[in-house]
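I have placed the structure first, in the form of structure tokens, so that the comments after it can refer back to it.
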Amino acid sequence: MTPDEFRKHAHELVEWMASYMENVEDYPVKSSVEPGAIFNKIPDSPPEQSESFDSLMKDFDQIMMPGITHWQNPNFFAYFPANTSPPSILAEMLIATLGSQCMIWETSPAAAELEEKMMIWLRDMIGLPSEFEGVIQDSASTATLAAILTAREKISNFSINNEGAEHAGTLKIYCSGQTHSSVEKAVKISGIGRKNLVKIPVKEDFSMDPVKLKEAIIRDKKKGEIPCCVVATLGTTGTTAIDPLRAIGEICLKYGIWLHVDAAMAGTALILPEFQWMLDGREYIDSFVFNPHKWMFTNFDCTAYFVKDAGLLIKTFEILPEYLKTRTRGKVNDYRDWGVPLGRRFRALKLWSVIRSYGTEGLRTKVREHIRIAACLSEMIIKESDFEILAPVVISVVCFRYNPAGCNEDQINALNEKLNHKLNDSGKLYLSHTILNNKYTLRMVTAQTNVTLEHIEKAWGLIKKTARSLKR
Ligand SMILES: Cc1ncc(COP(=O)(O)O)c(C=O)c1O
């Protein structure tokens, strides 16, 4: 492709992008293709000869678009969001064009230094103590793996990295029954072993019970096992419950245990002074992760991972082959030493563009509005006698179910499952679900970049109508 051809296609693509963004609400939110439908439309072997970009775009429109679930549609209320925003998309264009591989400072000093500064901005925006240093990771799962590996190395005096786990004893990791599965994955692949993950019971509001945590630690110590790390969550995946950091932190300090905090979604709410209470006990935290790629309008992937002692993180991951030795080593941040991958994208540019474009006040306004409309939705639900709220509404997630009179628990569960599928198959909105106290629970997340109260009101009208038509 010549530069002129590139220019022509790029201009056309920008038109495509802008009109997609303008019309995203016209697409069915959830793709309804059957498994294999897209795969079978793609030729079994690659073309021998060059094809035009126009023919690629034609196939993109005809084959790919029907198989896309539109996460940027404001009627996307499922999971947690993976928000974009125009300034983030523009930065992605620059990142793709530069194509820099930012593994060490020397391979793109601007990327390393912007990353360092963006992590300071974010740290201060969310209210972490000033000794914390940050690094951008691809995902919260990777950051949590990094935390558990660092905790493992610290408690074993870095012997497992060198000698293997044979003589390290039985390490124990603690989290609540509501913690995201990325913790179980990290424990499984870190060599600690899934059976050594202790799931602590939760209280009525689905937050970790610190009394039960302490009991479990004492029990394990009596058996000669080694408590290594507690993962506390701010904003659990199911209900956005907030684990009590101060109470958990005091226990971690007493028993010399690493405290990792997973705030993947709710971390963004910390930019609001009125949500700083979630971080009470911050002085006990060893590592902390949140995802600007969820609720801070920054394209996937962009995870902010903060550590109190960067030296421990670097010592866990550092490896220095000859070809990566530089004259600047020790004077700058070589982020390849701060996590699993060697190669790294220039992700800090997205954050720079988003934060400068919205301003911190603009970000606060948007996040506050999402929280306000979640509260409005919960009021709408409470008013209807045949619906019920199933968990406290803390930020922008509302958990509820249809509960018409005259049905037993099994029937109510079946009804809500059917309701979820019927709504999602309509293409008009997309909800996801969880199970709370054996109840099939619908989750509605009011945090898509462009969602408004009008979207919520319309969706709620459809949910009520569809639910009542199922009962009849
Ligand atoms: C609380 C929590 N932690 C971690 C994750 C994993 O996030 P990622 O996709 O960035 O690995 C999720 C995903 O939704 C989550 O809800």
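We did not get these values from a lab; they are worked out from the coordinates using the rules stated. Note that the structure is predicted; figures quoted are calculated from it, not measured. Here the Cβ positions follow ideal geometry from the backbone for every residue, glycine too, while neighbour counts run over all protein chains shown.
Shape annotation for segment 18-101: C-alpha extents along the principal axes are 40, 37, 25 Å, from largest to smallest. For Lys471, the aspartates and glutamates whose Cα falls under 12 Å of its own Cα, not counting residues fewer than eight places away in the same chain, are Asp386.
Applying Stokes-Einstein at 25 °C and 0.890 mPa s to the Kirkwood radius of segment 279-344, computed over alpha-carbon pairs, gives a translational diffusion coefficient of 175 µm² s⁻¹. Fewest neighbouring Cβ atoms within 10 Å first, the residues Arg443, Arg347 line up as Arg443, Arg347.
Taking 28 Å as the cut-off for C-alpha to C-alpha distance, list the pairs among Lys195/Lys254; Lys383/Lys422; Lys30/Lys366; Lys185/Lys465; Lys188/Lys350 that go past it.
Numbers: Lys195/Lys254 24 Å; Lys383/Lys422 23 Å; Lys30/Lys366 25 Å; Lys185/Lys465 40 Å; Lys188/Lys350 32 Å.
The pairs that break the limit, which is 28 Å between Cα atoms, are Lys185/Lys465; Lys188/Lys350.
Diffusion of the chain by Stokes-Einstein, at 37 °C in a medium of 0.692 mPa s and with Rh set to the Kirkwood radius over alpha-carbon pairs, works out to 136 µm²/s.
Taking square-rooted eigenvalues a ≥ b ≥ c of the alpha carbon gyration tensor, is segment 229-342 rounded, prolate or oblate, where a/c under 1.5 means rounded and, failing that, a/b exceeding b/c means prolate? Taking the square roots of the gyration eigenvalues as a ≥ b ≥ c, segment 229-342 is oblate. With each label modelled as a point 7 angstrom along the Cα→C-beta vector, the Met93-Glu250 pair spans 5.4 nm.
Taking 1.306 mPa s as the viscosity and 10 °C as the temperature, the Stokes-Einstein diffusion coefficient of segment 163-232 based on its alpha-carbon Kirkwood radius rounds to 127 µm²/s. Gain on full extension, evaluated as 0.36 nm per residue between Ile42 and Glu113 minus their Cα-Cα distance, stands at 21.3 nm.
For segment 306-379, the alpha carbon convex hull comes to 169 Å³ per residue, rounded to a whole number.
Label separation (Ser50 vs Asp309): 5.7 nm, computed from points 7 Å beyond Cα along the C-beta direction. A convex hull fitted around the alpha carbon atoms of segment 399-439 yields 70 Å³ per residue. A simple spin-label model places pseudo-atoms 7 Å from Cα toward Cβ; at Arg329 and Arg194 they are separated by 3.9 nm.
Put simply, segment 356-458 fits an ellipsoid with semi-axes of 29, 14, 12 Å; these come from the alpha carbon gyration tensor as the roots of five times its eigenvalues, largest first.
Computed per residue of the chain from DSSP H runs no shorter than four, each worth -39500 (n - 2.57), the mean residue ellipticity at 222 nm is -13500 deg cm²/dmol. Only the Cβ atoms of Lys and Arg (+1) and of Asp and Glu (-1) were treated as charged; on that basis the dipole of segment 308-452 about its Cα centre amounts to roughly 1060 debye.
Can you figure out the FRET efficiency of Asp386 with Lys185, using R₀ = 56 Å and their beta-carbon distance, to the nearest 0.05?
On the way: r = 39 Å, r/R0 = 0.69.
Taking R0 as 56 Å, the efficiency between Asp386 and Lys185 is 0.90.
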